[in-house]
1. Under 9 Å between Cβ atoms, which residue pairs at least 6 apart in sequence (or on different chains) link something in region 294-312 that is in contact (Cβ under 8 Å) with a residue 24 or more places away in the chain with a partner that is in a helix (DSSP H, G or I) and not basic (Lys, Arg)?
2. Within the group Arg107, Arg151, which residue is loosely packed, with under 14 Cβ neighbours inside 10 Å and outside any helix (DSSP H, G or I)?
3. Give just the number: which of (1) surrounded by 13 or more Cβ atoms within 10 Å (Cβ to Cβ); (2) part of a helix (DSSP H, G or I); (3) of a type outside the set (Asp, Glu) does Asn75 not satisfy?
4. Checking the conditions here, which among Asn421, Asn410, Asn387 is at pLDDT 95 or above and out of contact with any helix residue (DSSP H, G or I) (no Cβ under 9 Å at 6 or more places or on another chain)?
5. Within region 129-147, take every residue that is open to solvent by less than 30 Å² (accessible area, probe 1.4 Å) and assigned to a loop (DSSP other than H, G, I, E, B) and give me the one that is nearest to Ala92 (Cα to Cα).
6. So which residues in region 435-482 are β-branched (Val, Ile, Thr) and in contact (Cβ under 8 Å) with a residue 24 or more places away in the chain, if there are any at all?
7. Answer with yes or no whether Arg497 is within 20 Å of Ala307 (Cβ to Cβ), open to solvent by 30 Å² or more (accessible area, probe 1.4 Å), assigned to a loop (DSSP other than H, G, I, E, B) and modelled with pLDDT of 95 or more.
8. Scan region 207-232 and report the pairs whose first residue is among the β-branched types (Val, Ile, Thr) and whose second residue is open to solvent by 50 Å² or more (accessible area, probe 1.4 Å) and in a loop (DSSP other than H, G, I, E, B), with Cβ atoms within less than 8 Å and a gap of 6+ or a chain change.
Amino acid sequence: MRLFPINRYCASSVAISLIAVIFLTASAVQAQVTAFRQAVAETAALDEDLAAFYRARDFDGIWTGTTPEAQLRRNALLGALSTVAAHGLPEARYDTDTIIAQLRAARSPADQGRMEVELSRLFLQYARDVQTGVLTPGDVIALNFREVPLRPRLATLQRFMLAAPATFLRSLPPTSPEYVRLMREKLQLEALIAQGGWGPVLAAGAIEPGAEGAAVIALRNRLIAMGYLERSVTRAYDDSITAAVEVFQAEHGLEVDGVAGQGTLDEINVPVSTRLQAVIVAMERERWINMPLGERHVWVNLADFTAKIVDQDRVTFRTRSVIGANASDRQSPEFSDVMEFMVINPSWSVPRSIATREYLPSMQRNPGAAGHLQLIDSAGRIVSRANVNFGAYTASNFPFAMRQAPGAGNALGAVKFMFPNTHNIYLHDTPSRDLFAREIRAFSHGCIRLNDPRDFAYALLARQTDDPQGEFARHLNTGAETRVDLDVPIPVHLDYRTAFTTVTGGIEFRRDVYGRDAAIWAALAAQGVEIAAVQG
């Protein structure tokens, strides 16, 4: 009989103990959750977007923990970060081995909370880098005024939570055909580097068709390695080598004459590593412009000295261009805008910087200098030079504007194409035709001169009239300055690409006439972007 009370007592003790254990366990779990969320809150507070994201979730995690959803997100992020080298991004910034080690080392709830926020930070950093670039254009190139289409960080995190993780991360890089082709060329150049490059550089001077000997053999072997010539044992500069040199020249913006002159040899001797740098820079530039360019748009590649009309990724019109001279105050800028109209028989309003820096000193020496230009006072009236004491003025107080009336000798020729912008840059005709025959066509004050401006006008007008040539001629023949609006304004992009692909495959390179891509590569390298070393 005594066992019953004892048993009852023992049973009560066990129940009380179990309740205590459950209570203590619940308390311990709550303490861990509290420590985790406190760490998340404290760490996220350093970043406004992350703070807002986690505050809306009551500081609950999305990466850490053992739930299937968290595991999917972690694996997807680590998988994406393992591909950064393919995009030309800094590998060290996303060292997956280090990230995994940090995850394993985070044992306490507080450490796990801090790691939770770190993964979100890495996610946002990766999204920024792969979508819109590692660099800010204007920080590297003063004359790059491109507005990078940055995505809102908080919205990026919110959209990620609503999507399949791996699918969302795969959607982040640019999907433009150019970016895809550049990425493919990057992989091919890296494979060439692994194989030793293009072989020895050519030490010879100019080599001409008909030549024979060691220099020709070296040229032949280099062209074979670069893919411009089928395998051959010829020792003479024959038709096959001439044809290969011509293709090389065309794909590198050189005069196509089939002669391996010094300029051509200099380009042939550029190593694979330098070409790879140009491709990586082009990929960064493509990320800067990761937005719809317009199904029809005008693409001005300053480094290529061309202006093109592009319809759905295909060039439908192309003309040579002259760009700003390679001086700090004359280089053409980079930006995007929208062409709204053209002016036929334009007058030329001389930019004040040109009027005061170039023409005022000339008129101080000879009041009749630059006689083709009118002086205009603040009321818009033409002023006689006979009534002006040019010696009384300086660049800061010169009170006149200067203008050239429409006519055959006008600096803007027969037509200018306007996309109003704060840089006062536009496309235009020119009476100076000889410059278009040059390889390097950097001579203007910044605006873009076109070799075929009338054909360019016809191509634009063809979308709004059945007789674009007749429409243009009708306005031109009046001799009066006439504005012709475009029924559908067209986006214009002034860019600078020393490496660009073709729709049919392959890649072309241009010289870095302004040194801008060299500056971008240096900035990317400073951020940790690397390529393998190569010989030749």
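The values are calculated or read from the model by the stated rules, or taken from the named source; none is laboratory data. Everything quoted here is computed from the prediction, not taken from an experiment. Counting neighbours? That spans all protein chains shown, and the Cβs are built from the backbone with ideal geometry, glycine included. To get the accessible areas, we keep the full protein, side chains included, count just its heavy atoms, and leave off ligands, DNA and RNA. Shrake-Rupley method; radii C 1.70, N 1.55, O 1.52, S 1.80 Å.
1. Pairs found: Val298/Phe456; Val298/Leu460; Ala303/Asp517; Phe305/Phe436; Ala307/Phe456; Ile309/Phe456; Ile309/Ala459; Ile309/Leu460.
2. Every option except Arg107 fails the conditions.
3. That leaves (1) as the condition not met.
4. Asn421
5. Per the criteria, the residue is Val134.
6. If the condition is that a residue be β-branched (Val, Ile, Thr) and in contact (Cβ under 8 Å) with a residue 24 or more places away in the chain, then Ile440, Ile448, Thr478, Thr482 are the ones that fit.
7. Considered against the rule, which asks whether it is within 20 Å of Ala307 (Cβ to Cβ), open to solvent by 30 Å² or more (accessible area, probe 1.4 Å), assigned to a loop (DSSP other than H, G, I, E, B) and modelled with pLDDT of 95 or more, Arg497 comes out as no.
8. Short answer, once both residue conditions are applied: Val216/Arg235; Ile217/Arg235; Ile224/Glu230; Ile224/Arg231.
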